[in-house]
Amino acid sequence: MRRPLVVACVLVSAVGTSAQDELPWRPAPEVRRALPAHPEGGNTQEPENPAWMQRVEPSPPQSPGRIEVAPTVPRALPAHPSPTPAPTPESPTPAPDDPNTIRLAPAEGATDAARQQLDKANSIYARKMFDFAISEYERFLSTYPDAPGRDAAWFRLGESHRASGDAATARKAYERLLSEFHEGEFLGSASYRLGEILFTESKYEEALRLFQAAASQGGSPEVRLSAQYQAGRCLDRLGRLGDATALFREVAAAEGNNPYRAYARLALAEALAAAGQKQEAMTEFDQMIASTPPESLRPELFVKAGSVASQLGDSAKAIASFQEVLKMPDAGRWRPVALLGLLRSHAALGDQDALTAIPESDLDVLSGEYRAEAYSLLASAWRTKGDNAKALALYDRLASDFPQTQAARASRFARIIVLRELNDPRLQNDLAEFLASAEDSPDRGRGQLLLAELYFQQEKFSEAAKAYADALASSLGNSDDLRRQAQFKYAWSLAQSGNPAAAIAAYTDFLAKNSGDKLVATALTQRALARQQTQDFDGALKDFDDALTALSKTAPQSPEREFALQQKALLLGQLGKTSEMQAAFRQLLEEFPQSNGTAQAEYWLGWADFEAKEYARALPHLQRARELDPKTFGDRAGLRIALCHYYAEDSQALESEVATLRPEVVPPEVFRWLGLRSAQDGHSVQTEKYLDRAVRAGAADPESLITLAEARNVIGKNQEALEAANDYLAKVTDPAPRARGFLAIAESRRGLKEFDAARDAADEALRLQPEGRLNAAGRLTLGEIEFSREDFAAAARAFSSVALLYEDPHITPRALQRAAESYQKAGNVEEAQKAEEELARRFPNFKK
């Protein structure tokens, strides 16, 4: 059977028509391709011959609903018999002189009784009293088997049964007429009626022969035109489109009173479209529209013209045709057809604004499958516009109101996509339900891919790898891009899940199948990283080089090339190939001055120079690395910067650098050096700070301990100084170092006001060093002890003895100053003055 002319859709049930109103026309799949209900590629194939998908034929011209008996001036035959019993024939009784009146006179030669019985039946029949007419005709036919007029009786008996709704018995009457008679004025009408019945039973071959017989036997042009038209419809259904178009052309071209002209032209246009001659069909439709067709035909004409325009890809013209129908107040059953055609055309044109501008109340004329499809189209439009909330509301309504429709099934995955866009908490569960029930199809494959993407985003890479594998094993349709991406992410997930060997195999498979793909270089780089994990360093270096070579031709400034160069440099450093690493990092900085890896490159360049003891050259690289990425390289670069200053013995720069570092990252040797240097400069507070850190970090050598003790005494931390001095004495054995330790203890005891213990420690220092500078320092300490006791005279004597016995540029002037102060406190002004004069004479530059 040929595929009939397609319009956007037919909704017999949607417009509330009864079975009597249904016409046997149904859409073919072409328009569903021309006007996709599901732009995302969902399946829109309707079920095979569903009950609601009826073929709609052109409405017939005005018909009295029955074949008139009088062969001289026949009434028009109905063009499209209803598939169910026809309505009751018209009730007015024709006037006696009406040329269409059934002739009641019996045939010449009939017996009087037979003629009277036939006249009686005809009289009742003329008054449309069909139940009574049936019994009278049956009485005539059974009583007078040889009487003239039996052909008329059989035909009118069939018509009476037909009018009474008994199609089966009517059929038997027509068949009996055709079997008994081979000529006569009623053969054509009976053939026509029986052809109608067979047509409704889809027995088009038999119906065709009967309509052809009716056309050849019809007495008037009108009868012949009607039969030819119906014969054309049979040819159309039999797929004999060439013969059908020829017959429709013949009917349309008939001159004179031709009520079938417009309908034949419409059928002709349909047949042309079905035969693939869509442009010719469109021309025919355009000419019909321009010729002012009957008002009753205009809705149907514009709908079918819009359908063909859609198939020709002229969505704008289709939209104009469908909109014209929607403006018609009497569009009737064609209104829903036009509305859905309009929706589909807007979708085909990608005009989402026009789609969403249609009020939802307009959809009330649609029902069932087509209301569902309208929801699907509108939901898709809102999704395309980015209003996923409105799209989801429509998808949910579609799923709840029309769960068994094709549109609902085809939209399930689109709804899943919307849930994902909205981060809806139902996504995981609904996706699982979708995968559990979906058949193997591109949508199922995409669903598995979406599940993999969810795991990937959640960094559940083991689950993602399995889901990607499932997606790759399923149907993803013709989307090579989706399959390519799935292959790549499958390999990536394997690598991230700790399976580098499987990742290498997956990347290798990807590269073999996608040698010209834009992700080739990235795959090479990632395979190199995986090979590093399997200790295949030579293979990794080769992959990095291959990636760099490929990218230098296609994308020399791409992030992928930058990353590959950076990773290659790091691998070279890991392999101890320092000079090659430096060259790679310098290339990175030269070609990618704004690289995200600049800080790393600067650090490793500085590190390499530092290891080579090129401290001056290392310093700017390390400083730059810390400046660019303080979080990563603050301590690592900072330590080496400090060590560069340390090895350069730049105490001021080193002290500034150490202040920026956490104490635990600074080597104790650095603190020790800074402490001892501060002691030399007389900065006791700094000395104590650095040496305390050095000692706590393990640099508790004797020099550090005694210097720390002395600094603590100066700043008043006598108890801590005492502890450091005792630790010092535990480490030294020679007299001079021990004397220095006891002096520190004496000073600590004095600060703690333990004067006797302080004097004992000072005496022990004098005993260990009976002469020399330490002896002088010990006598000076004794003076300080007596001064602290407020025995100023004894203190003065002790200070004066130092000045008398020693000539030290540091100790002696201090002793004279303290002697003068002690004499003053003791009230011996004369001796105080002598001490001050001696100080001025011997040490004129001494600053008090």
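Structure notes:
- Within region 421-461, the proportion of C-alpha pairs whose separation exceeds 13 Å stands at 54%.
- For the chain, calculated [θ]222 nm from helices alone, where every DSSP H run of n ≥ 4 adds -39500 (n - 2.57): -21500 deg cm²/dmol
- Exposure rank, largest accessible area first [Glu790, Glu688, Glu280, Glu821; 1.4 Å]: Glu790, Glu280, Glu821, Glu688
- Rounded to 0.05, the FRET efficiency of the Glu433 and Ala473 pair, given R0 = 25 Å and the Cβ-Cβ distance, is 0.75.
- Entries of Lys120/Lys172; Lys460/Lys577; Lys278/Lys390; Lys489/Lys542; Lys577/Lys631 with Cα pairs more than 29 Å apart: Lys460/Lys577; Lys278/Lys390
- In Hz, Karplus ³J(HN,Hα) per residue of region 253-260 (6.51, -1.76, 1.60; θ = phi - 60°; x = Gly, Pro): 7, 4, 7, x, 6, 10, x, 9
- Overall dimensions of region 190-245, expressed as equivalent-ellipsoid semi-axes from the Cα gyration tensor (√(5λ), whole Å, largest first), are 17, 13, 7.
- Mean Cβ count within 10 Å, highest first, over the residues of peptides 361-369, 837-845: 361-369, 837-845
- Alpha-carbon spread of region 369-471, three principal axes, descending order, Å: 43, 27, 19
- Under conditions of 10 °C and 1.306 mPa s, region 751-838 yields 124 µm² s⁻¹ as its translational diffusion coefficient, taking Rh as the Kirkwood radius over Cα pairs in the Stokes-Einstein equation.
- Of the listed residues Lys304, Lys327, the order by accessible area with a 1.4 Å probe, largest first, is Lys327, Lys304.
- If the chain linking Gln557 and Asp112 were pulled fully straight, counting 0.36 nm for each residue of separation and taking away their Cα-Cα distance, it would gain 148.9 nm.
- Between Asp424 and Arg662, the modelled labels are 4.8 nm apart [label points 7 Å from Cα along Cα→Cβ].
- Of the peptides 161-170, 665-674, 179-188, the order by per-residue mean of other Cβ atoms within 10 Å, starting with the highest, comes out as 665-674, 161-170, 179-188.
- Over region 499-655, volume per residue of the alpha carbon convex hull, in Å³: 109
- Efficiency of FRET between Ser123 and Ala290 - r from beta-carbon atoms, R0 60 angstrom, step 0.05: 0.75
- Remark on Gln277: its backbone amide H falls under 5 Å from none of the residues 5 or more positions apart or on other chains, H modelled at 1.01 Å from N.
- For the pair Asn596 and Lys542, label points projected 7 Å from Cα toward Cβ lie 2.9 nm apart.
- Summing charges over neighbours of Leu708, with a neighbour being any other residue whose Cβ is under 11 Å away from its Cβ, gives -2 when K and R count +1 and D and E count -1.
- Radius ratio Rg over Rh of region 594-749, counting only Cα atoms, Kirkwood formula for Rh: 1.12
- In terms of packing, defined here as the mean over residues of other Cβ atoms within 10 angstrom, the peptides 126-138, 481-493, 773-785 line up highest first as 773-785, 481-493, 126-138.
- Net charge of Cβ neighbours under 11 Å - reference Leu342; Lys, Arg +1; Asp, Glu -1: -1
- Cα-based reach from Lys753 at 26 Å (exclusive), listing lysines while leaving out same-chain residues under 8 positions away: Lys689, Lys717, Lys825, Lys848
- Theoretical FRET efficiency, 1/(1+(r/R0)^6), r = Cβ-Cβ of Ala357 and Glu206, R0 41 Å, to 0.05: 0.20
- Size check on region 664-782: the Cα extents along the three principal axes, sorted descending, read 43, 28, 25 Å.
- Taking a sphere under 13 Å around the Cβ of Ala659 and counting the other residues whose Cβ falls inside, with K and R at +1 and D and E at -1, yields a net charge of +1.
- 3J(HN,Hα) couplings calculated from phi for region 469-474 with the Karplus curve 6.51 cos²θ - 1.76 cosθ + 1.60 (θ = phi - 60°) are, in sequence order, 4, 5, 5, 5, 7, 9 Hz; Gly and Pro show x.
- Computing Rg and Dmax of the Cα atoms in Å for the structure here picks out one of [x] 33.2, 110; [y] 27.1, 88; [z] 55.7, 189, namely [z].
- Using distinct alpha-carbon pairs, which all enter the 1/r mean, Kirkwood radius of region 397-527 in Å: 15.6
The values are calculated or read from the model by the stated rules, or taken from the named source; none is laboratory data. What you see is a predicted model, and the numbers here were worked out from it, not measured in a lab. As a convention, Cβ positions derive from the backbone with ideal geometry for all residues, glycine included, and neighbour counts pool all protein chains shown. Side chains included, ligands, DNA and RNA excluded: accessible areas come from the protein's heavy atoms. Shrake-Rupley method; radii C 1.70, N 1.55, O 1.52, S 1.80 Å.
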